[in-house]
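Below: one structure, written as structure tokens.
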Amino acid sequence: MPTIFTHVAVPVATSLGIGKIASRRLLFFAAFCAILPDFDTIGFKLGISYASQWGHRGFTHSIAFALLVALLAACISRQLKSRAWVVFLLVFIAVVSHPLLDMCTNGGLGVTLYWPYSNERVFFEYRPIAVSPIGISRFFTERGFAVIKSEFMWVWLPSIILLFTLRGMRRK
């Protein structure tokens, strides 16, 4: 999986790119929602198998989960100080970007993107992002640096380009 820092790159770039229609509160909420799918790691402590649809990269890494979270978020659009459609769209992008990024990594079991219709775990054919080590101590190693380099190239750089593209489109 990409690092927790990288999972927030897509919603932050999108939010900053679209400007004032997304409140600061929504920006932080969307960033939180981008890491929400990995809360499924609690299943490891509960004895849930990684390969289970309820395990890591299971149902929380599906399009259905992203839609559900986005719909629920739209219900609290007033608290997020943005229009419901903006909340829905940005939160959906934030949550669905998580499994899509995981599908670009070179490790793990893949994601159940099409749950509940299929429990098959999938990856993209091309997987350029180095899988992140789990745990802080292992992150500050040569392998951790390699992960950051690949994430910068394949996620942060495109996110920065997205940010400036959206800003440029706003000006026109």
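The values are calculated or read from the model by the stated rules, or taken from the named source; none is laboratory data. These numbers come from a predicted model, not from an experiment. Glycine also receives a Cβ, built like all others from the backbone with ideal geometry; neighbour counts cover every protein chain displayed.
Cβ separations smaller than 7 Å between residues 6+ apart or across chains give the following pairs from region 134-151 residues that are modelled with pLDDT of 75 or more to residues that are of a type in the set (Val, Ile, Thr) and surrounded by 11 or more Cβ atoms within 10 Å (Cβ to Cβ): Val147/Thr3; Ser150/Ile129; Glu151/Thr3; Glu151/Thr6; Glu151/Ile129.
Filter region 67-96 for residues that are of a type in the set (Gly, Ala, Ser) and buried (at least 19 other Cβ atoms within 10 Å of the Cβ) and give the result.
Of all residues in region 67-96, those of a type in the set (Gly, Ala, Ser) come to 70, 73-74, 77, 82, 84, 94.
Residues satisfying the conditions are Ala70, Ala73, Ala74, Ser82, Ala94.
Would you point out the residue of region 69-111, among those that are touching a helix residue (DSSP H, G or I) at 6+ places or on another chain (Cβ under 6 Å) and of a type in the set (S, T, N, Q), that is farthest from Arg24 (Cα to Cα)? Spell out how you get there, then give the answer.
So in region 69-111, the residues touching a helix residue (DSSP H, G or I) at 6+ places or on another chain (Cβ under 6 Å) come out as 69-70, 73-74, 77, 80-82, 84, 86-88, 90-99, 111.
From the residues that got through so far, the ones that are of a type in the set (S, T, N, Q) too are 77, 82, 97.
Values: Ser77: 13, Ser82: 9, Ser97: 20 Å.
Step by step, filter region 69-111, then rank; the result is Ser97.
For region 1-57, taking the residues that are among the charged types (D, E, K, R) and closer than 22 Å to Thr165 by Cα, the one that is surrounded by the most Cβ atoms within 10 Å (Cβ to Cβ) is identified as Arg24.
To keep it simple, each residue is scored yes or no on (1) of a type in the set (Asp, Glu); (2) under 18 Å from the mean Cα position of the chain (by Cα); (3) under 29 Å from Ser15 (Cβ atoms); (4) at pLDDT 95 or above.
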| residue | (1), (2), (3), (4) |
| --- | --- |
| Ile48 | no, no, no, no |
| Ala51 | no, no, no, no |
| His61 | no, yes, yes, yes |
| Phe88 | no, yes, yes, yes |
| Met153 | no, yes, yes, no |
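Please go through region 15-46 and give me each residue that is modelled with pLDDT under 90, within 23 Å of Trp154 (Cα to Cα) and either touching a Gly at 6+ places or on another chain (Cβ under 7 Å) or of a type outside the set (Gly, Ala, Ser) (or both), ordered by number. Correct list: Leu16, Ile18.
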